[in-house]
Amino acid sequence: MLEPQRMDRVLIVGTKDVMETTINALHDLNLLHVEDYIAEDEYFRIGKPLKTATPLSEKLLKLRSIKSYLGTKDVIPIREKQDKVLKELEANLGSLEQTVTKKTSEKSALESEIKELEHKSEVLKPYEALGVRPELLSGYESVAVFTGTTTTDIEPIIKGITNDYELFSAPYEKGTVISLIVPKDVADRASEALMKSNFVEAEQLRESGEPADIRKSLETKKAEDEDRLKTVNSELGELNEKYARFIVSSEELLNIDTEKAEAPLRFATSENTFVVEGWVPRPNFDELKTALEKITNDSIYVTKIEPMPEAYKGEVDAALDKHVKHHEINAPVKYNNPNLINPIEALVDVFGRPRYDEVDPTILFAIVFPLFYGFILGDVAYGLLILILTLIVKQKLKYNEGWQLLLNIMIVCSLSSIFFGFLFGEFLGFSMAEPIVNGQGGIMGIVSLSHLYPHSITIGPIGPFKLPFERLQPGGFDSDGVYVFGIKDLLVFTCIVGVCHLMLGHALGFRNELKQHGLKTAVLHKVSWASMLMGGVAMVWYIFPVLMTHGSWNLFDPLLLIGAVLFIIGFILLQLGEGWMGTLELTSLVSNVFSYTRLLAVGLSSVGIAFAINTIIHMLGGAGAIGLIGAAIVFLIGHTVNLVIGIYAPFIQSLRLHYVEFFQKFYKGGGRIYDPFGYNRRYTED
Amino acid sequence: MVDAITAIGIGLAVGLAGIGTGLAQGPVGAGVVGAVAEDRSFLGMGFVLMAFSETVVIFGMLFGLLLMFMA
């Protein structure tokens, strides 16, 4: 569980006459992660695709273009029989392609025509304002016509040039639209003068007739086109509805056949033989071997070979760092976890698939992540709301695998929030453990669960203390001498959680280094940090109370001495392992631990906001009817916003604690994803 | 619970640390979003890069809390 599925390196050798049979069998088994053959030599060349490859790719291309034109969605719950789909494919593909191409080209022609018409009716506007037929404003030999808009009065300017002119003008938008007619010989000067007075020439219109008539005909044409476009779109929609099953199922079949036909491109082939190398999960090796031998009547050779260890890309170069030895195996990585925690694998994959010989942290992630989430949010009502919302969305997005994974995680997280909500006694920011006194306290002064909370608990040496833990109080002994855990205690608690989480990270890091680079590297690189961390914690555990209470120092206190010794041993190991550069990283010891205080801090801000909303509601509630309405609005908006923040902030924060603080101690990620040669059919079956 | 000057101190500790983090995280965030848009597999690494500067504000908050309860 803590490491990925063990794999066997497999070599398959056969004669070319059984190559196609082998490909089909391998594809159906869906077990072998094929290593592409790239190093060609004298005898072995990269194989050539099967003869069927070209027609298959052509068909696939056609089908995909139809699919994109029709906008066919992938989420259709169907299972079609393969033979039926193949028959339909032969019969339908050609004609469907023709119909779709015809319809889509008509659609794009209509769309561009509508755009053109819209443009024309925009151009027509100034002519409408002038009330002049557009064809009268061009095509003269002895006079020049300028039609356009301007914001200045141009008549005096034109008078300065010539008295022989005709000017029509009308108000238009924020300025005027004008049509100026002058003799050709002063046209240049008139044009220059116009340009200086913000004149913008109107585009010429090819249409002729009264502007009102032109508009009418443009609008009729546009309405006709739009009607037709609507019809074409609905026809395309009908086609999509009718053929969606056919499209997705035949695409799947074609994908499968194309993959098979192109498989030899990944094999090494000589004149008469072929060789396939790859990886298969260890428990499945015998299944693969037996199946292949049976289907080819024992005319194929399947064997395990010993994989060669090699340094991962970007790893420390052994020549530069002498004590580093590489034992890494770069096999593809398949998770080996119980189904229950599969959703968490998606979160680990976001950071990077584990490497083959690295610890797979999924199970630890699955346990700790919801606990962190719950600790941060820690509110019964918010937890319940998230649970209900999640269940609703889960029902709505039944066929979306990605969302289903995320929502499964959210369900666990919301349950954890409800649990911590009880521990913190919080319900929508109200303290539900508080008894109701004079209509105050509890949840809105209506319900109180104070009788559920024990007033005095003793567990071993700890106690007596009481529940709930108070996130908004400093904490301390109450009047009965019972301890109330408050912010200070929770702050220390989050730091302890941090130290434990980090130590776990170092322990896993030790295991990884041991496996990949041997004991010496593991001690120098991991024990060093763990020792310094523990030493530091021991020293702080002694120093902090002394500082707080201004007590006297005892330099021979065993705790302080052990801490110092551990720290110094760790520091020496670090110098041996990472050199002086390691010293620069020392501050991360402090910042990593303190980073865990966000578990409290982010939660505090959420309770703080809820508390503020409730206080405002309380104040408004006492101010008559309008106040009550105001209170209701503040309640709804305030808690909705806080809930939205409450959903994602704890998620991001606990994710970050894992990715940054925890993973940095042991996890590199970047393993190759196990992708067996085969296909997970969704729409078809044999 | 706290006197005025401590309260101002707490405000400064959290506020200035927040500004510092903001100044640092802005450009890093823009870079990360760009990188993720190019290649989704950068998401995990992006998270880590974003987180480096975030530590500053946690320190601010921590000192704020220390001031609040221990001064």
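Data table
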| item | result |
| --- | --- |
| Flag if A:S270 is touching a residue at least 24 places away in the same chain (Cβ under 8 Å), surrounded by fewer than 18 Cβ atoms within 10 Å (Cβ to Cβ) and under 13 Å from A:K48 (Cα atoms) | yes |
| Close pairs (9 angstrom Cβ cut-off, 6 or more residues apart or separate chains): touching a residue at least 24 places away in the same chain (Cβ under 8 Å) and assigned by TED's automatic domain parsing to the domain that holds A:T640 in segment A:609-622, among the polar types (S, T, N, Q) and part of a helix (DSSP H, G or I) anywhere | A:I609/A:N642; A:A610/A:N642; A:I613/A:N642 |
| Candidates A:Y356, A:Y382 - the one that is at pLDDT below 95, part of a loop (DSSP other than H, G, I, E, B) and assigned by TED's automatic domain parsing to the domain that holds A:S414 | A:Y356 |
| Those residues of segment A:123-151 which are under 20 Å from A:N198 (Cα atoms) and either exposed (fewer than 14 other Cβ atoms within 10 Å of the Cβ) or not assigned by TED's automatic domain parsing to the domain that holds A:S197 (or both), in sequence order | A:T151 |
| Segment B:16-51 - residue that is within 14 Å of chain A (Cβ to nearest Cβ) and surrounded by fewer than 14 Cβ atoms within 10 Å (Cβ to Cβ) and, of those, nearest to A:N592 (Cα to Cα) | B:R40 |
| Which numbered condition A:S108 misses (of (1) touching a residue at least 40 places away in the same chain (Cβ under 8 Å); (2) under 49 Å from the mean Cα position of the chain (by Cα)) | (1) |
| Filtered residue count, segment A:1-28, keeping only those that are within 31 Å of the chain's Cα centre (by Cα) and closer than 23 Å to A:E251 by Cα | 1 |
| Candidate set: segment A:562-604, residues that are in contact (Cβ under 8 Å) with a residue 40 or more places away in the chain and of a type in the set (F, W, Y); chosen: the one nearest to the other protein chains (Cβ to nearest Cβ) | A:F594 |
| Failed item in (1) closer than 18 Å to A:R511 by Cα; (2) surrounded by fewer than 19 Cβ atoms within 10 Å (Cβ to Cβ); (3) within 14 Å of chain B (Cβ to nearest Cβ), with A:I363 passing the rest | (3) |
| Condition broken by A:L63, with the remaining ones in (1) touching a helix residue (DSSP H, G or I) at 6+ places or on another chain (Cβ under 6 Å); (2) of a type in the set (A, V, I, L, M, F, W, C); (3) surrounded by fewer than 19 Cβ atoms within 10 Å (Cβ to Cβ) satisfied | (3) |
| Complete set of residues in segment A:156-200 that are over 60 Å from the mean Cα position of the chain (by Cα) and assigned to a strand (DSSP E or B) | A:E166, A:L167, A:F168, A:L180, A:I181, A:V182, A:P183 |
| Single residue of A:I572, A:I609, A:I626 found to be under 19 Å from A:V641 (Cα atoms) and out of contact with any Pro (no Cβ under 8 Å at 6 or more places or on another chain) | A:I609 |
| Test set (1) at the interface with chain A (Cβ under 9 Å from one of its Cβ atoms); (2) surrounded by fewer than 16 Cβ atoms within 10 Å (Cβ to Cβ); (3) not acidic (D, E) - B:T55 fails condition number | (2) |
| Sole exception among (1) at pLDDT 90 or above; (2) away from chain B (no Cβ under 14 Å); (3) more than 24 Å from A:P307 (Cβ to Cβ); (4) buried (at least 18 other Cβ atoms within 10 Å of the Cβ) for A:P343, by number | (1) |
| Odd one out for A:E271 among (1) within 35 Å of the chain's Cα centre (by Cα); (2) more than 30 Å from A:E116 (Cα to Cα); (3) acidic (D, E) | (1) |
| In segment A:521-559, the residues that are over 14 Å from A:M503 (Cα atoms) and hydroxyl-bearing (S, T, Y) | A:T521, A:Y542, A:T549, A:S552 |
| Residue in segment A:125-143 that is among the polar types (S, T, N, Q) and within 20 Å of A:S191 (Cβ to Cβ) present | yes |
| Qualifying residue in segment A:638-647 (condition: surrounded by fewer than 17 Cβ atoms within 10 Å (Cβ to Cβ), within 14 Å of chain B (Cβ to nearest Cβ) and without any contact (Cβ under 8 Å) to a residue 24 or more places away in the chain) | no |
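The values are calculated or read from the model by the stated rules, or taken from the named source; none is laboratory data. This one's a predicted model, so the numbers in the text were calculated from it and none came from an experiment. Here the Cβ is made from the backbone with ideal geometry for all residues, glycine too, and neighbour counts use every protein chain on show.
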